Amino acid sequence: MTSVILLAAEKKSAEVTDWAARIGWLVGLVLFIALVYWLMREGWKWRGTLQGDLPELPTAPDDPGPARLSMSGRYHGSTTAGQWLDRIVARGLGTRSRVELTLTDAGLDVVRPGATDFFVPAAQLREARLDKGLAGKVLTEGGLLVVTWAHGDRLIDSGFRSDRAAEHNEWVDTLNQMINKTEGAR
């Protein structure tokens, strides 16, 4: 019996003696993670360079008129129309952020704290719809307000999510009525 107790007392963890190997593995892992992040950043910059032909974004007029609708929520990004994974990063359109949307007779004012604001003139609006995904962000069915607009020679889909998702239907109806009136006047 005493020999069993002695054997149990002698069993303990081995001392860690190869600290250099462990530190080497840790440094290698940190360098690998840094490389992956650097490659992702370079890919983002490269995509922005490819989209460098995108014209400057319009700014809101001094007097856009009274607000028809307003909404606060999140801006999820912009893509080439109809291609929900082809994110546009040029001119700051790829930056996700908080957003304050205001719809007036002049157009759609997109105010983004910490990111580039832009304005979509009413004549450039093409369609509004509810969707479930844009720019790699997937939500529940109808959880995203997607506004299609023309900028230069491109059609762009921009995705927004209100803090109160019940507002989305009113936005789609109002935007589409406004677009139909604008097309009828052309």
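The values are calculated or read from the model by the stated rules, or taken from the named source; none is laboratory data. Being a predicted model, the structure only gives us computed values, none of them experimental. When we count neighbours, we look across all protein chains shown, and the Cβ atoms used for this are built from the backbone with ideal geometry, even at glycine. Only protein heavy atoms, including side chains, enter the accessible area calculation; ligands, DNA and RNA are left aside. Shrake-Rupley method; radii C 1.70, N 1.55, O 1.52, S 1.80 Å.
With every protein chain left in place, what is the accessible area per residue of the chain in square angstrom, probe 1.4 Å? It would help to have the intermediate numbers written out before the result.
Working: 11430 Å² over 186 residues.
Using a 1.4 Å probe on heavy atoms only, each residue of the chain averages 61 Å².
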| said: Can you work out the Karplus-derived ³J(HN,Hα) for every residue in segment 100-113? Use 6.51 cos²θ - 1.76 cosθ + 1.60 with θ = phi - 60°, whole Hz, and x for glycine or proline. | reply: 10, 9, 9, 9, 10, 5, 7, x, 10, 9, 10, 10, 10, x
| message | Give me, ordered by chain and number, the residues 5 or more places off Leu69 or on other chains with an amide H under 5 Å from its own placed amide H. | response | Leu103
| Can you give the accessible area of Arg41 in Å² (nearest 10), computed on protein heavy atoms with a 1.4 Å probe? | 130 Å²
| How far, in nm, would the chain grow between Asp18 and Leu130 when pulled straight, counting 0.36 nm per residue and subtracting the alpha carbon separation? | 34.5 nm
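First compute the accessible area of segment 18-86 with a 1.4 Å probe, then give the percent of it belonging to carbon and sulfur atoms.
Carbon with sulfur: 67 percent of the solvent-accessible area.
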| On full extension of the chain, what length is gained from Asp117 through Thr80, given 0.36 nm per residue of separation minus the C-alpha to C-alpha distance? | 11.4 nm
| task | Could you pull out the longest piece of the chain with no exposed loop GluC sites (Glu not before Pro) in it, calling a site exposed if DSSP puts it outside H, G, I, E, B and it has at most 14 other Cβ atoms within 10 Å? | result | 57-140
| Base-10 log of normalised Debye intensity for the chain (one unit scatterer per alpha-carbon) at q = 0.11, 0.12, 0.15 Å⁻¹ | -0.56, -0.63, -0.89
| query | Accessible surface of His151 in the full protein assembly, 1.4 angstrom probe, to the nearest 10 Å²? | reply | 20 Å²
| Rounded to the nearest 0.05, what FRET efficiency do Asp63 and Asn176 have when you use their Cβ-Cβ distance and R0 = 25 Å? | 0.50
| field | Among Leu103, Leu50, Leu125: highest mean-square fluctuation, GNM of the chain, C-alpha pairs under 10 Å | value | Leu50
| query | If amide H atoms are built 1.01 Å from N in the plane of the peptide, which residues on other chains or at least 5 residues away come under 5 Å of the amide H of Gly142? | reply | Asp131, Lys132
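Using 1/(1 + (r/R0)^6) with R0 = 22 angstrom and r between the beta carbons of Met40 and Leu139, what's the FRET efficiency to the nearest 0.05? Don't skip to the answer; put the middle values down first.
Numbers: r = 23 Å, r/R0 = 1.06.
Using R0 = 22 Å, I get an efficiency of 0.40.
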